[in-house]
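Worksheet: the structure to be examined is printed underneath.
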């Protein structure tokens, strides 16, 4: 076996182990360890991605001395390696971009605990991406949930703690349903590894046995993961959690944590149930409807909001609606569009959160739109970055959001029966997006009378500016060179089967 | 209704317990009772899972006198999974309880709705 | 090589203007575009005070749960949907269960070759008499590694929430004295007898994990319970002599690192088909079954410390 | 053995329902403790001694201790700030 095949295992273990190490280090050293680990995992994922592209086939890796149905496995393909790389990039940039806010918002003595949480979150995300075993996925979902809760309430104001409680309650309902569905699935198939489960499921479908429990178990797992990733009716915790937690946390939570669950759902759809079997159930219609509702109601709530961070948070609800709408179309094209939207949304949303703190900082810390008037002149980099993010969200060409909207509409045209609904809602949602993002952009570019707020230039915060540039470049890369990425996603999905 | 409801009475009980816990988690306003509901829900799932390994007339999977035939022991997998699960539920309980203490020190109430109302009133 | 342009020409280029805008040297709109700033609002202090009072009164009215119809309606709707959802869920699950294979029988999908191999070859492949221990610490060790980190991350979040800094701690100590009974003779006598027995029982459960029911987690929980009893009987001053935050930190660190490294070694050798040097020993002996015994000890230590830490954090916010 | 299991399961449901409706938090926690004990007996019936030990140590032991100390802490907070006593509390 090629040595590169060890990399998925190494990246999971390094990030787990670094969490333990950080617990005895002082905050500064923990920060260095954290950055180094994220960068190392990113580099390993990149090498792995290149290796997988050159060989063109996925591989499984035994976690122990025992082969498939007995031992535990992880599995790597193009999509997994690409996702891991992408998650590392976003996480590194978010941590770097929000680092200076950490000092004001988190008690100094608890900084190293924050880095432990981030390391463990990274490891759980990697494990969710690479795992080939359903029960392992459940365990790491729990790590993900708890560390995400920690990220929310590390900044201890009343709102975040209340949001953390609500988040935990929702997540635990979700985990309960997921585990129940998993148990039923285990009872029917007798396996916990995804590939073996899939074989048994297709046999059961062919023989017509146990149809009802099978569908119910799939539905329970889907609902559980939907609840955890804050699909529309289950999003009550989201605005406070994203709106009031510290900036890095908000960026990581909105762009990575919910995406981890969604990626697990994709794995379940492809690798446990089978794409065709999943599409023959009515579950996709339910996902489709809730996705559409999320797109509309998320945007409407965002328009009604007059706090910039909460507005971005509500916009996340709408964007998650897009992703589930793609699932609900039940075609390969819809799935590709959803996965591309995962990437594009992660890149854009973290950019917006990081840019928003730059704007609020030069407005006396206030997040109300009234006080943000003219903020883009006081911090030009943040203003430009916020504008780039907004343009991407609205779907202006050159930016990533445009490509995902294009892919969604292309996918929608191919689906009979759902075409009209999805195109209309896409249109409405784009208009609504434009309303609330352009409103904000115009607001921050309206000159204000001398307000006495300080002006921040690039020289004052170099690292922050560089992070913003990296984010913008990432967005533009996703928007300009979309074809290779779409090809890669298609190749990765083909490897799933 | 299928044929096995009566034979699967244990699973039926665990489903009922699951729903009781679920309802508690959704509807109780008191945080501590919510957490108890959560624990009941988790235990119900573990009962459901443990029922799957049970085979009537066989003994626990601890090798006695070197007998290693599948005829002698029950299925060990569900037990192992439940062991893992119990640890998870303890961790989550501890976390939720500490959140409760934290909220109580700040707002002097255990009612989550009341806390939300206070927060909204503070308006920040 | 391009010639260096004269400054006057350079000042006409877009690049110059862009960088001038960026560096904040000149505002492009100033004096060029008619953009009047909004009229400045001069607040009247009395009106502001009145306004604030009105605002408060409105807020009180709006968030009064008795009067706010919207909130009332929402709560009723929420209750109704929750109850309906739960009833639906119960019906759904019961129907599902009625179609599941009957429990207690052998002819079920779960009793397949996987469980068969665990039982038949578990003893020689893992060396553990207790097949469940062999399964969770060898065949499916990755789950268990994740599980111990769930406990670890939960401790971290509890530390974030409840750990107090120095000044708060002194205050908390005073409070603690006020609300906890001190020097209860009956409790102390009972604890003197019980604590050693409990801890020895816990150690037995841990060491016996691969031979019979038990293992690191349950044994650790028992030891932790013993420590909590000791703490309750004799107070923090006694326990602080042998157990401080530092002890906790280092015990946790060493156990978890040992766990991680040992399991990495075993995963690495397994995946690369290398020979593992860890001896299996004779099944049934106390020093047998490869890594399972040391792993159980490590887990036991972590769990015992964690339980104690939870208790101390909850009660006082520190050790 | 089946009859015993059915009795235990009945007890489980009774415990779960009475937890939901008990007005007193201390009672609720005690009932939850007995729920865990019944659960651990049930696990002995299902031939899983590992689970029984763990549940007895954890469910009936550690979790309940954590609940008790939380309740105690809450009372302590309440007593240390008597001026806020009129705020809503179940006990």
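The values are calculated or read from the model by the stated rules, or taken from the named source; none is laboratory data. If you're wondering where the values come from, they're calculated on a predicted model, not measured in any experiment. So basically every Cβ, Gly included, is an ideal-geometry build from the backbone, and we count neighbours across all protein chains shown.
Against the test of being at positive phi and out of contact with any helix residue (DSSP H, G or I) (no Cβ under 6 Å at 6 or more places or on another chain), the options C:104, C:116 yield a single qualifying residue, C:104. For region A:210-219, a residue qualifies if it is part of a helix (DSSP H, G or I) and within 11 Å of chain C (Cβ to nearest Cβ), and the qualifying residues are A:211, A:212, A:213, A:214, A:215, A:216, A:217, A:219. Of all residues assigned to region A:21-33, at least one qualifies as being facing another protein chain (nearest Cβ under 9 Å) and within 30 Å of residue C:274 (Cα to Cα).
Residues that are assigned to a helix (DSSP H, G or I) and farther than 23 Å from residue A:309 by Cα are absent from region A:436-457. Is there a residue in region B:36-53 that is at the interface with another protein chain (Cβ under 7 Å from one of its Cβ atoms) and part of a loop (DSSP other than H, G, I, E, B)? No, there is no match, as no residue in region B:36-53 is at the interface with another protein chain (Cβ under 7 Å from one of its Cβ atoms) and part of a loop (DSSP other than H, G, I, E, B).
Elements of the type helices (runs of 4 or more DSSP H) sitting completely within region A:363-426 and holding at least 3 residues that are over 30 Å from residue A:333 (Cβ atoms) and more than 26 Å from the chain's Cα centre (by Cα): these cover A:369-372, A:375-378. Restrict the check to region C:243-256 and report whether at least one residue is within 23 Å of residue D:58 (Cα to Cα), assigned to a loop (DSSP other than H, G, I, E, B) and more than 20 Å from the chain's Cα centre (by Cα). Among the residues of region C:243-256, at least one is within 23 Å of residue D:58 (Cα to Cα), assigned to a loop (DSSP other than H, G, I, E, B) and more than 20 Å from the chain's Cα centre (by Cα), which makes the answer yes. Checked against the criterion of being touching a helix residue (DSSP H, G or I) at 6+ places or on another chain (Cβ under 9 Å), crowded, with 24+ Cβ neighbours inside 10 Å and farther than 20 Å from residue A:297 by Cβ, region A:227-243 contains not a single residue that satisfies it.
If you go through region B:68-89 one residue at a time, do you hit one that is under 30 Å from residue C:318 (Cβ atoms), within 7 Å of chain C (Cβ to nearest Cβ) and modelled with pLDDT of 85 or more? Walk me through it before giving the result.
In the first step, residues of region B:68-89 are kept if they are under 30 Å from residue C:318 (Cβ atoms); the result is B:86-89.
Within this subset, residues satisfying the condition of being within 7 Å of chain C (Cβ to nearest Cβ) are B:87-88.
Imposing the further condition that a residue be modelled with pLDDT of 85 or more reduces the set to B:87-88.
For region B:68-89, residues under 30 Å from residue C:318 (Cβ atoms), within 7 Å of chain C (Cβ to nearest Cβ) and modelled with pLDDT of 85 or more: present.
Is it the case that residue B:20 is under 13 Å from residue D:19 (Cα atoms), at pLDDT 90 or above, buried (at least 22 other Cβ atoms within 10 Å of the Cβ) and within 9 Å of chain C (Cβ to nearest Cβ)? It is true that residue B:20 is under 13 Å from residue D:19 (Cα atoms), at pLDDT 90 or above, buried (at least 22 other Cβ atoms within 10 Å of the Cβ) and within 9 Å of chain C (Cβ to nearest Cβ).
Inspection of region A:247-268 finds no residue satisfying the criterion of being touching a helix residue (DSSP H, G or I) at 6+ places or on another chain (Cβ under 9 Å) and assigned to a loop (DSSP other than H, G, I, E, B). Scanning region C:213-241 for residues that are under 30 Å from residue D:46 (Cα atoms) and outside any loop (DSSP other than H, G, I, E, B) turns up C:216, C:217, C:218, C:219, C:220, C:221, C:222, C:223, C:224, C:225, C:226.
Matching residues to (1) within 28 Å of residue C:141 (Cβ to Cβ); (2) in contact with a helix residue (DSSP H, G or I) (Cβ under 7 Å, 6 or more places away or on another chain); (3) at pLDDT below 90; (4) crowded, with 24+ Cβ neighbours inside 10 Å:
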site	(1), (2), (3), (4)
A:62	yes, yes, yes, no
A:67	yes, no, yes, no
A:74	yes, yes, yes, yes
A:89	no, yes, no, no
A:110	no, yes, yes, no
A:141	yes, yes, no, yes
A:146	yes, yes, no, yes
A:162	no, yes, yes, yes
A:174	yes, yes, no, no
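Within region C:77-129, the set of residues being over 27 Å from residue A:200 (Cα atoms), buried (at least 17 other Cβ atoms within 10 Å of the Cβ) and modelled with pLDDT under 85 comprises C:123, C:126, C:127, C:128, C:129. Just so you know, in region B:55-83 the residues that are over 19 Å from residue D:64 (Cα atoms) and part of a helix (DSSP H, G or I) include one that is farthest from the chain's Cα centre (by Cα), and it is B:77. Of everything listed in (1) touching a strand residue (DSSP E or B) at 6+ places or on another chain (Cβ under 8 Å); (2) under 29 Å from residue A:172 (Cβ atoms), the single unmet condition for residue A:68 is (2). Against the test of being closer than 19 Å to residue A:182 by Cβ and within 31 Å of the chain's Cα centre (by Cα), the options C:100, C:89 yield a single qualifying residue, C:89. Hey, could you check region A:184-209 for residues that are at the interface with chain C (Cβ under 10 Å from one of its Cβ atoms) and either buried (at least 24 other Cβ atoms within 10 Å of the Cβ) or touching a residue at least 40 places away in the same chain (Cβ under 8 Å) (or both) and say which is farthest from residue B:39 (Cα to Cα)? Among those residues, the one meeting the criterion is A:196. Checking each residue of region C:155-169 against the condition of being assigned by TED's automatic domain parsing to the domain that holds residue C:256, in contact (Cβ under 8 Å) with a residue 24 or more places away in the chain and outside any helix (DSSP H, G or I) gives at least one match.
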